[in-house]
Every structure is written in structure tokens, then in C-alpha cells.
Amino acid sequence: MRHGNGLGGSWLRCAAALVLWAASMGPATAIAQLKPDQVPTFKARARIVSSGGMKPQGKEFRLQWSGIESARVTTQDGGWSDWLAFGKPQVAAILKGYPASYMRGFPLVVRLSVTGVADPARIEAELKFDDRGEPIPLAGELFGPNLGIMVWKDENAAPRAATMATYNKRYWKHLESVDLSKAKTPKAFPIVDRFIGGDDDRVAWDEGIGQLNRAGFSAIMLPPSARIRDLLLKTGQRRTSWAVYSPPGYAFDFAPGNDESSLKAWAQKQAKPYRDAGYSPEDMAVFALSDEPGWYYPQAFTQLAGSPRGMERFREYLKETGLSPSDFGLKSWQEATPAGRSQSGNPAGKKLFYWTARFFARESARYFADSTRALEEAFRPGMPIFTNWNFFSGRFFVPGPVANNRDKQSPDAAMGGHDWFEFAKLRGGTMLWTEDWFSDAQAYQWSFYCSKLRSAAERGGVEFGGYVIPRTAGDRKDGILQKILCVAGSGGKAIKYFVFGPEYNFPGNCYSERAEVLPAMARAHSMLGAAEEVIWPGRRPNASVAILAPRSAQAWDAKSQVVAKGISDATNNQLNRATVDYMAEVFDLYLALQHANIPVDFVSEDDLTKAGLSPYKVVYITEPDIPAEGQKAIAEWTASGGIVATVTGAGMGDRYGEPCTLLSDAFGFREEPRERLIVADAKSLPASGSCAHPSGTFTITGPLGRFNGSPEGVSLRSQDGAPLMIERPIGKGFAIHFPWFPGISYWKSSTGVADRLPVGFSPAIRECIVSPVRRAGVTPPVQVDKALVETPILLSDKGAAVTVLNWTGAEVPELAMTIRVPFAVKEIRSVNRGVVAFGKKDDGVHLTLPLGSADILILKP
């Protein structure tokens, strides 16, 4: 779990992500846990200069070390107390507790507790190390009993001590050149960070809140305290944020007592302290409902079986499928109990297992929807409420005893999570959300996340945003700036940083020790502030190109293994590792389209209907197992004029993993069955041939589909004659089939890095992938003359905002752009360079400009 400070979360996620990040950053020196003999002992004394704003005449105050066994001393009438020792027993005790047990190295956090003071209280103290030096003066202004004291050793191994307020000044030096004026700070857009004060020193809190405010955050996450709120108001801000680990029942309300009234009481318990502290409902900028939820099978079966209410819902859910008890091998619905992978050996068992897995995802989303409504009632309707997901490829089912699943040998071992699209439709939150935890070398990956989040959010009429993690940033000068602008430019409506800290108050999670990233963050905030009039109300126009987000096939991954292994989604932000071939292909196809600047939506299996497919001209499909009715809809949509692009293995089974020939019969080509690959690392997949394409020779990575006979319509072959591209007219449309993995092959084609970004991708493979888009005549709203430049556009009645993201790893001296918008353009302004000259033609407005890492263009009607 994320530890301490009321945030909750997954320590597994944090540790795994940091290992991956550290690997990407190069070798580093591990910090061992402090040993008692490494910590200098000392003594301290103090006096109370004032209490309640008055001299403490006739009053006595007691001092002791907080949270550990400690002697006590007293001070009276403003005089000095006796010396209070912090010796070997105190050192040993504090190293065993939080935060020292997680910090490992210095600094050591010590708190001097003063009993009897009234706000405001001024305290002066002296600390003297036992083996050297003069007393070190300390001072604070307390609104509570605790003064935080930091103890560490400098580069010469000399002991040092300071209050938290004084120690924190090392962070603020990075903001000396930054001070965003109110005119430059975003106002509507929630850009949230958190200052974690570790004591009751008003100076530390005041400076922490004030310094973060200089960097352009539009809300500061703070505890519900009227005193601390007053410090926030001093900065000219009002908005705050808060987070809980989960709703009361974690992922479900199966346990007794988790009913509607208890949920409402829980929500009111979250809101009341903020109301009491003086915050209005509108002051809560965003609220985190849950952090990284997931559940383990078969334990979840036991939870459900022990809940009469839950079992009633489960049986009603099975009825809603339209199947009968006999379809599940049952005589009546009352016989229905949850089923795992081990029971999927026959058609009836497959159905029961599949719908059991689907039930848990739906049931959890329903409970989160109830929790969201309760919070909206307690705070305000429409308040941004999110659940942070760490299933980064979007799986709802991960077979095998992954992570902390205790049933390591169970054939039913698996991990469950939310289906992003279903969660949005049920309104499990008012915002969809994920996080990065990757280095700046993967900054471009936010585009993939945003496309999936946005597509799902639109289905439910909600918004999306995300956690940007500065702790894993800073390996590229403008990497974090690109991450921020990618989220906002893609239509995200909130960004929250996890989390400034300081680190010593929330170890393993904060970026205070990488505070050098703050100026780049501030520049991104300034750019958003300059574009906010257009970017905040802006919406992405509907794309003409979509990728099917796999769902049903997940249940049948690793089906040949008794106890599944090799697949991981929770905490895995390396989307070409520990996955399956068709899921890696989704990400890699998206990457190629991103590099070609083709806007992409995602569609779910529920969108495989006439109405759901009608907005699109091209749909890419990688999923092996697709519901039969969805396959039928795809075939009909294609015949009516759509272009479907499939890869090897796509559409060969139905939702139950049974063979299904609907698509192959409709399109006239049929691959021989093959077992899907569990991909430890796509970079390690072997080559299976090469192709001499007009745009260049390329290598084919992964398996080649095989055919019984020679399929008709082959338009591209490998150098040894194997079909690589089949194009067949289907009614008014086209079916295009790649009997290989062009996406994975594209990913592996990268020949190097520039500014730590992968570059040198095969133009020939990219052209293969984009060819269905060309055939469909799709013209994106923004065209550029250089690959690896991405230009998401947002439209509103205020104009258009084009965020220009440079993934080439180098400056572009002159970028030519054509922009098409549904209004007559009167002015174009770059937030970096001011007014931009442009020309008008029938196909849009034309301009050229130099491009660094990123820019935002504002087009005004």
C-alpha cells in the first residue's frame, strides 16, 4: 500500500514502477536503511516566547519527543527548559517507525511535542549534538503541539539539524526564477499538487503553500483545517483537493452493513470537515475516490458467496445475458455460483466462467457509481471524482496468481479490474483517470492513455484526467512539460501531480528531491494559462479512425496453462512486456498512427453495432475473440462502406473462445488457427521474414499467419512470397488483412534514440499501417510535413487550440502545417512565439513555424 498521510494505494505499484524508471535512468547507488550507530545523538531544550499571542506568564508547558518513549521536561514563564536527551534508545525506536522505516537514509524526522500551547505560539529551541559543536538555534510558530526537527549529515559527514521550514528552503531555490502572475496561472483548469506538512509550524505550511503557488498550481491538496485554509487564502487561491484509498467496501459492497445509508454517511464524513474548515463545495477541485483498485480470484468468489445480496445480484446478472440456466449447465438460477478458469472445460462452463468475470467488473463499477453519487450529494453535483487505474493496457481480467494473490497454485488464480468503457457508462466516477510512473523517455505514451480514457469517457458523458508523476521525470529537459500538455491538449480536464511532499513526510512517493523539475512544470502551467480561454472549453472532434479495445479475449489468454503465468497489467507501464500479442499490437498500431498524426478513437465490444460503428471510416482489429453479434455488425458495416483492418489471429473466436468464422466467411480469407503468444518482451520476438516495400525494406517480427491455399487479393508479399497484405472489396467497403503484426514490427523497427526518445522507425511499416486510412480518404484536421509530430486539436465556440508535440527528439527548424477548422480564422497565435502569419486556401489555413519540444496554437474566429 501507499503508506501514510491518508492516501492509500499500492506499494507494489510504487516499487515496481520505480524499478522500471530507475532502469531507464541508468545505474544508481542504493541507499541502505540507517543503522542506529549512524545517527548522531543529541539533546534539545526550548522555551515558549508566546502562547495564544500573549507572553506565557504563570504558565507551564511540558516537552517530550513525539511518538516514542521519551523523558519529559517543563518550561515556565518563557524560561528555558532543561535539556531533553535524544539518545540511543530514542534513535532505535524512531528508526523502527514511520517515516524512517521507509526513508532508509537521512534525513531523520523528529518531532518535539509541546503540551499546553495555544495558537499562535512562538517557540525557540536549541539543539546540541553530543559529540561536537555549538547549540543550533531553532524557531517556529505553532498552531498545534508539534515542531518538526530534521537531523542529517552533510557531504563531510558532519551532523546537521534544522526545523522543517528551514530544511525545505533547499527545495524552493528551484523556484527563485519562477513566479507566475495571476494572469498566467490557469484558473478554471484544475492543476493540483500537494504540500504535506509534517508538523504544526505555521511557517513551514505557509512557505510550502506559497512556494507551490508560485509554480502555477490552481489548487493545493490540503487537510481540512481552518488554520491551513487561511494560509491558502493568503495566496489568492481557494481550491483544494482530497483523496481516500477506497470507498468503505473497497471494490464491492458485499460485506454486511455496506448499504445505501452507510455509504451516504461515509460521504458526509468526507465533506463535513471541509465545510467546518470554511471551504465551500466549489472549493473541492477534485476528489480521488479510489487508488488502483483490483481484486483477486478465487478469493473474490468466497466474498461473493458469503453475501446473500451479492449472490442475488449475480443471478440476476446471469438472467440479463438472455441465456437460460441450461446454457450454464444448471437446472435453475438458484444453482448458479461463481466459476473460475478451472470450470471452463466445456461450453456451459465457459459461459459461466466468462460471465462471472464480467459480473465482478460490472458490480464493482456499479458500487463506485453509488459512491460517486453519495459524494456528489455530500459535496456538489458534478464534482470531479475519479478512481485511479493502474491496469495500463486496460484489462479487466488478468489470468494467473499475479502480484499479491495468495493462491499461487490455484488454476482459478487471476486478478480482476474495471472495464474502462463499462465503468464510464455506469458513471463509476465523474472523471476517468490513470497515472504514468514512467520516465520522460515514454512521455509520448500519454497520448495512448488519453485516447482510451477520452473514448470511454465520451460513452458515459464524463471527463478524464490523470496523475503525472514528477518523481519519475526529469531525464529529459522538457519531458514533463510534454506529458502535461499531452493530457491537456488531448482533452483532459484535470491534472494532479503525485506528489510534491516533501519526501521525508511521505517516503517513496514524492518528488521534492527532484524539485528541479518544477520550472518545467511551471512553464507548462503558464502555457495552459495563456491558452485556457480556448483549451478549457475545447473538445476533441470525433475521429474517423478507431481501434477495437479488446475485452472478451482476455478471459481466454494462457488457456493452455493450468496455472497461468506471464501476463501482468497492474503496475506494468511497459506495454510491450508481460502481455499477449494482440494487446501489444493495439499499443503499437496506435503508436504508428500517432507518429503519422492520425487521430484515433477506441471502440469497445459494446460499440460493435450499426450505430456504434457509424462515425468511423476505418477500424483496426487485433482481438482474437469477438462476440458473434459484434462480428456480424463489423461485416455489415464493412459492406456498407467501412474499411476494416485486421491482423493475424483477429476475429477467429467468439466471446467464449469458441471458433467463429463470421468474419472470415464475410471477407473471404481464413487463417489457420494458431496459439496466441505470451510476450515477455516484444523486442525479443524473432524475425519471421522481410519485405521489400516501395518505401524501404523492413523486417517482420513475430508469427506469420498461414493459409490453406493462396488467398485472393494479396497486394504485398514478403521476400519469400508469404502474403503480408490482403485487400478485398466487400460491398461498398474494404477488408484489409495483415497476416502478421505490423504494429509490433513497427515498434521493434526503431533504430535508436534522440533525447532519450525512440526514433528511426520504419517508414515502410508505418505506411503499411496507415494505408487503410489513405484508402478511406481520411484527412486529419491538422497535417504536418514531419513524422513523429503530433497535433491534437480542441474545438469550442471560443476557437481552436492545437497542441503541437514534438516526439522527434530534436528541434524542428521549420514545420509546415495545414489546419482545418469549422470557422473562418482571423488570427493564429503561438503561446511561445506570439502572432503567427498564415495563408488561406480551400483546404484550410497554412503556416510554418519552428518547433521545440511543444507549443500551443490558438486559432480565433
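Name the shape class, rounded, prolate or oblate, that the alpha-carbon gyration tensor gives for the stretch 571-637, where a ≥ b ≥ c are the square roots of its eigenvalues, rounded holds for a/c under 1.5, and otherwise prolate holds if a/b is larger than b/c and oblate otherwise. All intermediate terms of the calculation are to be shown ahead of the outcome.
Details: a/c = 2.64, a/b = 1.46, b/c = 1.81.
Oblate, since a/c reaches 1.5 and b/c is not below a/b.
Given the peptides 574-580, 383-389, 270-276, arrange them by the average over their residues of other C-beta atoms within 10 Å, most packed first. Let's see the in-between values first.
Values: 574-580: 21.7, 383-389: 24.4, 270-276: 16.4.
Highest mean packing first, the order is 383-389, 574-580, 270-276.
Starting with the highest mean, order 115-124, 293-302 by the number of other Cβ atoms within 10 Å, averaged over the residues of each peptide. Each step should come with its number before you reach the end.
Working: 115-124: 17.8, 293-302: 20.1.
Going from most to least packed, we get 293-302, 115-124.
By the scheme Lys and Arg +1, Asp and Glu -1, what is the net charge of all other residues having a beta-carbon under 15 Å from that of Ala32?
Net local charge, Ala32 excluded: +2.
Over the stretch 82-218, what is the relative contact order in whole percent, taking alpha-carbon pairs under 8 Å and six or more residues apart?
Values: 185 pairs, mean separation 29.6, N = 137.
Relative contact order for the stretch 82-218 comes out at 22 percent.
What FRET efficiency would be calculated for the residue pair Thr235, Lys319, taking the C-beta separation as r and a Förster radius of 51 Å, to the nearest 0.05? Each step should come with its number before you reach the end.
On the way: r = 56 Å, r/R0 = 1.10.
Between Thr235 and Lys319 the formula returns 0.35.
Please list 103-111, 742-750 highest first by mean number of surrounding beta-carbon atoms within 10 Å per residue.
Details: 103-111: 20.0, 742-750: 25.0.
For the peptides 103-111, 742-750, the packing ranking is 742-750, 103-111.
Express the carbon and sulfur contribution to the solvent-accessible surface of the stretch 305-372 as a percent, rounded to the nearest whole number, probe 1.4 angstrom.
On the way: 1290 of 2690 Å².
Carbon plus sulfur share of accessible area: 48 percent.
Could you compute the net charge surrounding Leu851? Neighbours are other residues with a C-beta less than 12 Å from the C-beta of Leu851; K and R count +1, D and E count -1. Walk me through the intermediate numbers first.
Numbers: positive: Lys786, Arg833; negative: Asp478, Asp785, Glu790, Glu811, Glu814, Asp855.
Overall, the nearby charge balance is -4.
Charges only on Cβ, +1 for Lys and Arg, -1 for Asp and Glu: so what's the dipole of the chain about the Cα centre, in debye to the nearest 20?
Values: 98 positive and 90 negative charges, 170 e Å.
I would put it at about 820 debye.
Please work out the average accessible area per residue across the stretch 381-503, using the 1.4 Å probe convention, and give it in Å².
On the way: 2190 Å² over 123 residues.
That works out to 18 Å² for each residue.
State, to one decimal in nm, how far the label point of Arg309 lies from the label point of Phe707, with both points 7 Å from Cα in the Cβ direction.
My value for the distance between the label points is 5.7 nm.
Could you tell me the center-to-center distance, by alpha carbons, between the stretch 666-698 and the stretch 731-753 in angstrom?
8 Å
For the stretch 723-861, what is the relative contact order in percent, using Cα pairs closer than 8 Å and at least 6 residues apart in sequence?
Numbers: 234 pairs, mean separation 27.3, N = 139.
Result for the stretch 723-861 is 20 percent.
Could you calculate the FRET efficiency of Lys786 with Ser690 from 1/(1 + (r/R0)^6), where r is the beta carbon distance between them and R0 is 22 Å, rounded to 0.05? Before the final figure, lay out the partial values.
Values: r = 27 Å, r/R0 = 1.21.
After rounding, the FRET efficiency stands at 0.25.
Can you give the accessible area of Ser715 in Å² (nearest 10), computed on protein heavy atoms with a 1.4 Å probe?
Ser715 has an accessible surface of roughly 60 Å² with all protein chains in place.
Determine the dipole magnitude for the stretch 707-826: charges of +1 sit on the beta-carbon of Lys and Arg, -1 on that of Asp and Glu, nothing else is charged, the reference point is the Cα centre, and the result goes in debye to the nearest 20.
Working: 12 positive and 10 negative charges, 62 e Å.
With only Lys, Arg, Asp and Glu charged at Cβ, the dipole is about 300 debye.
For the stretch 290-334 and the stretch 470-489, what is the centre-to-centre distance using only Cα atoms, to the nearest Å?
Each part's Cα centre sits 42 Å from the other's.
Take the alpha carbon gyration tensor of the stretch 402-509, find the square roots of its eigenvalues, order them as a ≥ b ≥ c, and report rounded if a/c is under 1.5; if not, report prolate when a/b exceeds b/c, else oblate. Before the final figure, lay out the partial values.
Details: a/c = 1.94, a/b = 1.15, b/c = 1.69.
Cα axes put the stretch 402-509 in the oblate bin.
Counting Lys +1, Arg +1, Asp -1, Glu -1, what net charge surrounds Tyr297 among other residues with beta carbon under 10 Å of its beta carbon?
-1
Relative to the longest principal axis of the C-alpha atoms of the chain, give the angle of the C-alpha long axis of helix 11-25, reported between 0 and 90° and rounded to the nearest 10°.
So the helix axis and the longest Cα principal axis differ by about 80 degrees.
Quick one: order Lys234, Lys59 from most to least accessible surface, probe 1.4 Å.
On the way: Lys234 140, Lys59 105 Å².
In descending accessible area the options line up as Lys234, Lys59.
Pairs of alpha-carbon atoms within less than 8 angstrom and 6+ residues apart define the contacts here; what relative contact order does the chain have, in percent?
Numbers: 1958 pairs, mean separation 80.5, N = 861.
Dividing the mean separation by the residue count of the chain yields 9 percent.
Efficiency by 1/(1 + (r/R0)^6): what FRET value for Ala639 and Ser280, r their Cβ-Cβ distance, R0 = 56 Å, to the nearest 0.05? Don't jump to the answer; show the numbers that get you there.
Values: r = 56 Å, r/R0 = 1.00.
It comes to 0.50.
How much of the accessible area of the stretch 772-861, in percent, comes from carbon and sulfur atoms when a 1.4 Å probe is used? Could the numbers behind the result be given before it?
On the way: 1850 of 3870 Å².
Looking at the stretch 772-861 in its full context, I get 48 percent from C and S.
Using the alpha-carbon atoms, what tilt in degrees (0 to 90, nearest 10) does helix 202-214 show relative to the longest principal axis of the chain?
30 degrees
Grab the Cα-Cα distance for Asp37 and Ala680, subtract it from 0.36 nm times how many residues apart they are, and report the gain in nm with one decimal.
Values: separation 643, 0.36 × 643 = 231.48 nm, distance 4.40 nm.
In short, 227.1 nm is gained.
Compute the acute angle (0 to 90°) between the alpha-carbon long axis of helix 628-639 and the principal axis of greatest extent of the alpha-carbon atoms of the chain; round to the nearest 10°.
60 degrees
Once you have a ≥ b ≥ c as the square roots of the Cα gyration tensor eigenvalues for the stretch 735-806, tell me rounded if a/c is under 1.5, and otherwise prolate or oblate according to whether a/b is larger than b/c.
Values: a/c = 2.96, a/b = 1.32, b/c = 2.25.
Judged from the Cα gyration tensor, the stretch 735-806 comes out oblate (a/c at least 1.5, b/c at or above a/b).
Between Asp843 and Lys153, what length in nm is gained on full extension when 0.36 nm per residue of separation is reduced by their alpha carbon distance?
Details: separation 690, 0.36 × 690 = 248.40 nm, distance 6.52 nm.
The Asp843-Lys153 span can extend by a further 241.9 nm.
Taking the alpha-carbon centroid of each part, what is the distance from the stretch 393-431 to the stretch 342-389 in angstrom?
With the stretch 393-431 and the stretch 342-389 each reduced to a Cα centre, they are spaced 10 Å.
The values are calculated or read from the model by the stated rules, or taken from the named source; none is laboratory data. Here the structure is a predicted model, which means the values were calculated and not measured. For neighbour counting, all protein chains shown are included, and Cβ atoms are generated from backbone atoms with ideal geometry for every residue, glycine included. SASA here: full protein model, heavy atoms, side chains in, ligands and nucleic acids out. Shrake-Rupley method; radii C 1.70, N 1.55, O 1.52, S 1.80 Å.
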